[in-house]
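Working notes, beginning with the structure itself.
The values are calculated or read from the model by the stated rules, or taken from the named source; none is laboratory data. Bear in mind the structure is a predicted one, so any value in this text is a computation, not a measurement. Note that each Cβ is placed from the backbone with ideal geometry, even for glycine, and that neighbours are counted across all protein chains shown. When the accessible area is computed, the model is the full protein with side chains, heavy atoms only, and any ligands, DNA or RNA have been set aside. Shrake-Rupley method; radii C 1.70, N 1.55, O 1.52, S 1.80 Å.
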Amino acid sequence: MRFYKCFGRALISSGLFATHVQATSSCYPTFKAKPDYKAGTTVSASIVEHTTEPCAPDLTNQAINKSSLCNADGTRPVAITRTYNYRCVDGESSLFCQQGWAFDPASLYGPVAWEKLEECY
């Protein structure tokens with residue numbers, strides 16, 4: 001019995017039975033429109049992602065307010081702000097990293113100059 005207790009502790013302390021916890025990534029400095037970004041520079045930027053979530057229609061509220069926050073398909077729109085790390089790309093397109101807000105990593109043209117990395121907190 002003693003052997004199993006020690007053996008079990010050895011396995012747990014060695015990490016064989018320990019659960020793996022994903023380390024949260026920290027954010028690089030926030031993107032600012034400045035001309036000194038170059039290939040390999042890392043920044044962070046926030047974007048708003050639009051998605052839906054399930055919901056149940058509130059028929060009483062709909063009748064009183066003549067509106068509904070729930071669509072007929074049982075979902076409602078949700079906007080979530082997320083922050084990601086980005087890296088200025090290599091090559092000629094890295095020049096766009098210096099072009100200010102037009103090539104903000106989270107903008108429409110951002111992917112031309114910036115590679116999206118991981119979500120950060």
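Every condition in (1) under 18 Å from Ser107 (Cα atoms); (2) open to solvent by 80 Å² or more (accessible area, probe 1.4 Å); (3) at pLDDT below 95 is met by Asp73 except one, and the failing one is (1). Among the residues making up the stretch 72-93, those that are part of a loop (DSSP other than H, G, I, E, B) and not aliphatic (A, V, I, L, M) are Asp73, Gly74, Asp90, Gly91.
Taking interchain pairs and intrachain pairs at least six residues apart, which have beta carbon atoms under 8 angstrom, with the first residue in the stretch 25-45 and assigned to a loop (DSSP other than H, G, I, E, B) and the second open to solvent by 90 Å² or more (accessible area, probe 1.4 Å)? The qualifying pairs are Ser25/Tyr121; Ser26/Tyr121; Cys27/Tyr121; Ala33/Trp101; Ala39/Asp90; Gly40/Asp90. Tallying residues that are open to solvent by 80 Å² or more (accessible area, probe 1.4 Å), under 16 Å from the mean Cα position of the chain (by Cα) and without any contact (Cβ under 8 Å) to a residue 24 or more places away in the chain within the stretch 83-121 yields 1. Taken as a whole, the stretch 16-30 holds at least one residue that is modelled with pLDDT under 50, loosely packed, with under 10 Cβ neighbours inside 10 Å and within 30 Å of Ser94 (Cα to Cα).
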